[in-house]
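Participant: Let me begin by handing over the structure; questions about it come next.
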Amino acid sequence: MTAIAPPADTAGIAPAITAWFRANGRDLPWRRDGFSAWGTLVSEFMLQQTPVSRVVPRLEEWLERWPTPVALAAVPAGEAVRAWASLGYPRRALWLHAAAVEITERHGGVVPEDVDALLALSGVGDYTARAVAVFAYGRRHPVVDTNTRRVIARAVAGQADPAPPGRVRDLEAMSTLLPVDATEAAAFNAGIMELGALVCVARNPRCAECPIRNVCAWRTAGYPAYSGPRKKVQKKYAGSDRQVRGLILAELRSTHHPVTDLEIAGLWQDAAQLGRAMTGLLADGLAVMVEPGSYTLPD
Ligand code: SF4
């Protein structure tokens, strides 16, 4: 028989998580006083699909080299792709460069603080726009990432895992818990993500250390198994077109000279897959053909 979770007592969730976060949150660059809005935007681009431990060193290098959007906008987009290096999903580097150009041209070099203005920038989706408005400027909005969704699914809905993402539903669920005060709301947004990253992890949550264990609906119900819809599983990286794109891009990054078809042919055995990967890189603007059979990073 499936256990039914009782309704959670949600009033205490935000204060408990916020107090826990202030005592236990990691010391990360984007949480330090004086960290710039540009730094927050760059960090959110990098964190979209890359773990914190790989982002921190690359972020510091990046901000040393390009401390403002104006500085990044002044160099060719290919330099952003080169510096992106091993962070993965390199289209983010092109979008970040395009956003830097837009901030320079439309906003006088200052990262905007309004969610709609942020959403109008290249590569900025709903999560990133809200995160910058909240964490860089202290605006009061719900910010929902994977970790937030998992904690709410467990603590409030009494389910082991969240249902597949649903923007309106997820924002409403977070809004219900959000403190009225903007400073507290920002701390709660960061705190619930941190709780999901460190304690309420996907496998083997550390409930004994959890500040909301006494009101968690999933724990109270005896940890019933998840029976709802599942999100799609991502394809394997090894052997995928994504891997081949990564190999070609690494070759383009490694030199300031054009890379030839002959050199690219030596990177991977399957010529058809190489062709598909190269076509994709050219279509995405991550590579340009300087003459037939010869390629570089974009200008
Ligand atoms: S008690 Fe356990 S399952 Fe519930 S929110 Fe805390 S860590 Fe997650």
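The values are calculated or read from the model by the stated rules, or taken from the named source; none is laboratory data. Nothing here was measured: the structure is a model prediction, and the numbers come from that model. Positions of Cβ are generated from backbone atoms using ideal geometry, with glycine treated the same way; all protein chains shown enter the neighbour counts.
Participant: Which of the residues that make up segment 218-233 are more than 8 Å from the ligand (Cβ to nearest atom) and either closer than 16 Å to G12 by Cα or among the hydroxyl-bearing types (S, T, Y) (or both)?
Facilitator: So the first thing to find is which residues in segment 218-233 are more than 8 Å from the ligand (Cβ to nearest atom), and the list is 220-222, 224-233.
Passing the criteria: T220, Y226, S227.
Participant: Only one of L252, L177 is within 16 Å of the ligand (Cβ to nearest atom) and surrounded by 18 or more Cβ atoms within 10 Å (Cβ to Cβ); which?
Facilitator: Numbers: L252 fails: within 16 Å of the ligand (Cβ to nearest atom).
Answer to the selection: L177.
Participant: Taking T260 as meeting all but one of (1) away from the ligand (no atom under 16 Å from the Cβ); (2) under 28 Å from the mean Cα position of the chain (by Cα), write down the number of the exception.
Facilitator: Failing condition for T260: (2).
Participant: Among (1) in contact with a Leu (Cβ under 8 Å, 6 or more places away or on another chain); (2) away from the ligand (no atom under 12 Å from the Cβ), there is one condition C210 misses while meeting the rest; what is its number?
Facilitator: Of the numbered conditions (1) in contact with a Leu (Cβ under 8 Å, 6 or more places away or on another chain); (2) away from the ligand (no atom under 12 Å from the Cβ), the odd one out for C210 is (2).
Participant: Oh, and also: Can you pull out the residues in segment 5-47 that are polar (S, T, N, Q) and either outside any helix (DSSP H, G or I) or outside the structural domain of V110 (by TED's automatic domain parsing) (or both)?
Facilitator: Step one: filter segment 5-47 for residues polar (S, T, N, Q), giving 10, 18, 24, 36, 40, 43.
If the condition is that a residue be polar (S, T, N, Q) and either outside any helix (DSSP H, G or I) or outside the structural domain of V110 (by TED's automatic domain parsing) (or both), then T10, T18, N24, S36 are the ones that fit.
Participant: Does segment 60-76 hold any residues that are within 13 Å of I103 (Cβ to Cβ) and in contact (Cβ under 8 Å) with a residue 40 or more places away in the chain, and which are they?
Facilitator: T68, P69 - these are the residues of segment 60-76 that are within 13 Å of I103 (Cβ to Cβ) and in contact (Cβ under 8 Å) with a residue 40 or more places away in the chain.
Participant: Would you please list the contacts, defined by Cβ atoms under 6 Å and residues six or more apart or on different chains, that run from a residue in segment 190-207 that is assigned by TED's automatic domain parsing to the domain that holds D170 and at pLDDT 95 or above to a residue that is in a helix (DSSP H, G or I) and near the ligand (Cβ under 7 Å from one of its atoms)?
Facilitator: Here the result reads I192/V151; L195/V151; G196/V151; C200/V151; C207/R219, each pair linking segment 190-207 to a residue that is in a helix (DSSP H, G or I) and near the ligand (Cβ under 7 Å from one of its atoms).
Participant: Identify all residues within segment 253-299 that are in a helix (DSSP H, G or I) and either out of contact with any helix residue (DSSP H, G or I) (no Cβ under 8 Å at 6 or more places or on another chain) or in contact (Cβ under 8 Å) with a residue 60 or more places away in the chain (or both); write none if there are none.
Facilitator: First pass over segment 253-299, keeping only residues in a helix (DSSP H, G or I): 253, 261-265, 271-284.
The answer is R253, D261, L262, A272, G275, T279, L282, A283, D284.
Participant: Only one of these is over 25 Å from L119 (Cα atoms), of a type in the set (V, I, T), modelled with pLDDT of 95 or more and over 24 Å from the mean Cα position of the chain (by Cα): I152, I212. Name it.
Facilitator: Details: I152 fails: over 24 Å from the mean Cα position of the chain (by Cα).
None of the other options fit; the residue is I212.
So that you can scan it fast, the table gives a plain yes or no per residue for (1) within 16 Å of the ligand (Cβ to nearest atom); (2) of a type in the set (A, V, I, L, M, F, W, C); (3) outside the structural domain of M46 (by TED's automatic domain parsing); (4) surrounded by 23 or more Cβ atoms within 10 Å (Cβ to Cβ):
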residue: L119; (1), (2), (3), (4): no, yes, no, no
residue: S122; (1), (2), (3), (4): no, no, no, no
residue: G125; (1), (2), (3), (4): no, no, no, no
residue: T146; (1), (2), (3), (4): yes, no, yes, no
residue: A163; (1), (2), (3), (4): no, yes, yes, no
